[in-house]
Amino acid sequence: MTNTITTTRLTILLPAGRLPLAIMDKANALAQKYQLELYLSTAQNLRLMGIKEEDLPAIREELAALGAQFKGPGKFPIPRVCIGVRDCSMGVGDPERISALILAKFQGREKTKQKFKIAISGCTLACSGVLTTDIGIMATRKGFDLFVGGKGGPSPKVGRRVLRDLDEQGVVAAVAELVEFHDAHTETKQRMVKLIDHPEFPFKEVV
């Protein structure tokens with residue numbers, strides 16, 4: 001009879017897709033030591049794959065000592081971003097800064113209901129997928145436009161633009177309002193597109 005080895009995975013959260021060098025070095029060392037695979041997820045996180053259950057606590061401890069945060073139930077979603085105005089000739093906005101402001105707003109939040117995602121782009125090309133994400137924030141030359149209700153999958157939907165020309169604080173306030181609406185109107189995992197036609201939805205579509 002062949003013994004089956006149970007393995008699991010560990011996802012390291014990387015705000016704005018930035019991978020600190022110390023965590024990168026440690027992840028590489030752990031992958032070699034425990035014969036793991038490293039995977040860069042489409043959500044811009046780093047995943048260690050093929051971990052034996054008995055090795056997981058030690059691996060988590062070594063990474064946590066460097067400040068690593070891990071994916072888990074109830075965590076506020078890390079926005080997916082493009083590289084923005086600093087590193088792209090098309091960029092007019094700073095997605096990394098907007099992401100940091102949003103995460104600071106929700107820092108310490110005990111639990112966030114699933115399953116919505118946030119994306120931020122530094123220009124209207126929307127490389128980070130803002131049009132097909134639950135909450136999409138697009139930088140323009142006049143400010144930020146906000147889209148809601150986009151999704152991918154087998155039946156993709158383009159989000160509705162509900163606000164235009166926002167400043168940074170306007171973006172954070174609008175996201176906070178949407179998060180609280182989502183929390184109040186769903187019991188389990190729920191995409192924003194399922195709620196956008198709710199009579200109490202806080203925003204109307206704008207062109």
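Readers should treat all values here as calculations from the given coordinates under stated rules, not as data from a laboratory. Bear in mind the structure is a predicted one, so any value in this text is a computation, not a measurement. When we count neighbours, we look across all protein chains shown, and the Cβ atoms used for this are built from the backbone with ideal geometry, even at glycine.
Calculate how large, on average over all directions, the projected area of the Cα convex hull of segment 102-207 is; give the answer in nm² to one decimal.
6.8
Per residue of segment 17-31, in order, report the coupling 6.51 cos²θ - 1.76 cosθ + 1.60 (Karplus, θ = phi - 60°) as ³J(HN,Hα) in whole Hz, putting x for Gly and Pro.
x, 7, 9, x, 4, 5, 5, 4, 4, 5, 4, 5, 5, 5, 4
For residue 33, give me every one of the lysines with a C-alpha distance below 30 angstrom, ignoring sequence neighbours fewer than eight places off in its own chain.
52, 71, 75
R0 = 41 Å: FRET efficiency of residue 142 with residue 28, Cβ-based, nearest 0.05?
For R0 = 41 Å, the calculated efficiency reads 0.45.
When the chain is modelled as a GNM with alpha-carbon springs shorter than 10 Å, which of 176, 119, 104 fluctuates the most?
104
Filter the trypsin sites (Lys or Arg not before Pro) in segment 1-50 to those in DSSP coil with at most 12 other Cβ atoms within 10 Å of their Cβ, and list the result.
Counting only loop positions with at most 12 other Cβ atoms within 10 Å, the trypsin sites (Lys or Arg not before Pro) in segment 1-50 are 18.
Just 109, 164, 191 to compare: in a GNM of the chain, with alpha carbon springs under 10 Å, which one fluctuates most?
Among 109, 164, 191, the largest GNM mean-square fluctuation belongs to 109.
Per residue of segment 196-207, in order, report the coupling 6.51 cos²θ - 1.76 cosθ + 1.60 (Karplus, θ = phi - 60°) as ³J(HN,Hα) in whole Hz, putting x for Gly and Pro.
Ordered by residue, 3J(HN,Hα) equals 5, 9, 4, x, 9, 4, x, 10, 10, 5, 10, 9 Hz.
Report ³J(HN,Hα) in whole Hz for each residue of segment 127-142, in order, from the Karplus equation J = 6.51 cos²θ - 1.76 cosθ + 1.60 where θ = phi - 60°; Gly and Pro get x.
4, 7, x, 5, 7, 10, 10, 3, 10, x, 10, 10, 6, 10, 6, 9
Rounded to the nearest 500 deg cm²/dmol, what is the calculated helix-only ellipticity per residue at 222 nm for the chain, with -39500 (n - 2.57) per DSSP H run of length n ≥ 4?
Helix contribution divided over all residues of the chain: -8000 deg cm²/dmol.
Taking only the C-alpha atoms, wrap a convex hull around the chain and report its volume per residue in Å³ as a whole number.
Hull volume over Cα atoms, normalised by residue count, gives 152 Å³.
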